[in-house]
Structures are given as C-alpha cells and as structure tokens.
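The values are calculated or read from the model by the stated rules, or taken from the named source; none is laboratory data. Small disclaimer: the values here were computed from a predicted structure and weren't measured. Here the Cβ positions follow ideal geometry from the backbone for every residue, glycine too, while neighbour counts run over all protein chains shown.
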Amino acid sequence: MRIALSADHAGVDLKDLLVAWLKDQGHEVTDLGTNGHEPVDYPDYGARMARAIEAGDTDRGIVICGSGIGIAIAANRSPAVRCAQIAEPYSAHLARHHNDANCIALGSRLIGVDMAKACVSAFLETPFDGGRHQHRVDKLAHINEVLS
C-alpha cells in the first residue's frame with residue numbers, strides 16, 4: 001500500500017517512527033515532511049497531504065500535529081480528503097468502515113507510539129463497508145452542492 005505521512009514540528013518525531021515502522025512492514029512510504037523541530041505551520045503540511053491525495057500519489061495518508069486537530073482541519077479543506085482525527089483504534093476502524101476515510105490525523109501530544117501504531121493498523125486493515133454508507137461518502141465529494 002502507498003502511504004504518505006506529513007507532520008508539523010510537534011509531530012515530526014512520531015512521523016519518523018511511523019515512517020520507519022511502515023517501511024519495515026513493506027509499505028511504499030512517502031514522507032512529506034517536516035523533517036526537523038523548527039516551528040512550521042500545520043496548514044502547510046495538511047495542504048501537502050491534500051495535494052498528494054488529490055493527485056492520486058498515495059492510497060492513504062497520515063497527518064500529525066500536537067493535537068491532530070489543526071492538521072486534520074487543514075487536510076479536510078480539499079473535497080478529495082476524508083481525514084478523521086483519531087486517538088484509539090476503534091475510531092480508526094469506524095472511520096474506514098463507515099466513512100471510507102483516506103487519511104487519519106494523530107495528536108503526538110495525546111497518544112503514545114504503541115497507541116499510534118494500533119490506530120494506524122486499524123486504519124490500514126479495515127475495508128470500507130460501502131452499502132448504505134456509499135451515498136453519504138459520495139456527498140462528501142460534492143459538499144458544496146449539499147450545502148446549497
């Protein structure tokens with residue numbers, strides 16, 4: 001599976017650990033940065049993920065900031081992105097199973113490495129159920145029409 005990861009300075013250490021772990025599992029991993037602890041703006045790294053998803057360069061995305069909230073909001077500005085902020089595996093499972101999430105956001109200041117790995121595993125292993133959920137997911141791609 002092609003997986004891209006992106007993080008701000010608060011999430012860079014967790015991102016780096018997950019990049020290595022995912023590569024060890026045989027995934028094709030793209031690191032979209034950041035690559036240091038100098039302060040950067042999370043919207044820039046949410047936007048990098050959004051562009052990768054829009055372009056079809058990745059099958060799934062993982063974005064990381066201190067809380068996971070800001071970078072999820074940034075990534076979700078693209079209609080192509082369905083990013084859920086996740087703190088435990090069951091939410092990751094539901095995000096995939098019901099919402100066909102193609103991206104998850106993790107809060108590096110809120111969860112440890114083992115919990116992050118459990119969340120990522122649930123995200124990667126859970127298929128989308130489709131069925132009654134499909135028309136709702138389809139609406140997300142055209143949310144401006146739904147809002148009007």
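The single condition from (1) without any contact (Cβ under 8 Å) to a residue 60 or more places away in the chain; (2) small (Gly, Ala, Ser); (3) surrounded by fewer than 19 Cβ atoms within 10 Å (Cβ to Cβ) that residue 74 fails is (3). Scanning the range 1-30 for residues that are surrounded by fewer than 19 Cβ atoms within 10 Å (Cβ to Cβ), touching a residue at least 24 places away in the same chain (Cβ under 8 Å) and charged (D, E, K, R) returns 2, 13, 28. Look at (1) at pLDDT 95 or above; (2) out of contact with any strand residue (DSSP E or B) (no Cβ under 8 Å at 6 or more places or on another chain) and you find that residue 148 fails only one, number (1).
Is there any pair linking a residue in the range 116-142 that is touching a residue at least 60 places away in the same chain (Cβ under 8 Å) and over 24 Å from residue 87 (Cα atoms) to one that is surrounded by 12 or more Cβ atoms within 10 Å (Cβ to Cβ) and not acidic (Asp, Glu), with Cβ under 9 Å and at least six apart or on different chains, and which? Correct list of pairs: 141/79; 141/80; 141/82; 142/79. Restricting attention to the range 47-64, the residues that are farther than 9 Å from residue 81 by Cα, among the hydrophobic types (A, V, I, L, M, F, W, C) and out of contact with any Phe, Trp or Tyr (no Cβ under 8 Å at 6 or more places or on another chain) total 4.
To keep it simple, each residue is scored yes or no on (1) of a type in the set (Gly, Ala, Ser); (2) closer than 27 Å to residue 125 by Cβ; (3) more than 15 Å from the chain's Cα centre (by Cα).
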{"position": "24", "(1), (2), (3)": "no, yes, yes"}
{"position": "29", "(1), (2), (3)": "no, yes, no"}
{"position": "33", "(1), (2), (3)": "yes, yes, no"}
{"position": "39", "(1), (2), (3)": "no, no, yes"}
{"position": "44", "(1), (2), (3)": "no, no, no"}
{"position": "47", "(1), (2), (3)": "yes, no, no"}
{"position": "52", "(1), (2), (3)": "yes, yes, no"}
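Of all residues in the range 97-148, exactly one satisfies the criterion of being touching a Pro at 6+ places or on another chain (Cβ under 7 Å), surrounded by 16 or more Cβ atoms within 10 Å (Cβ to Cβ) and not small (Gly, Ala, Ser), namely 119.
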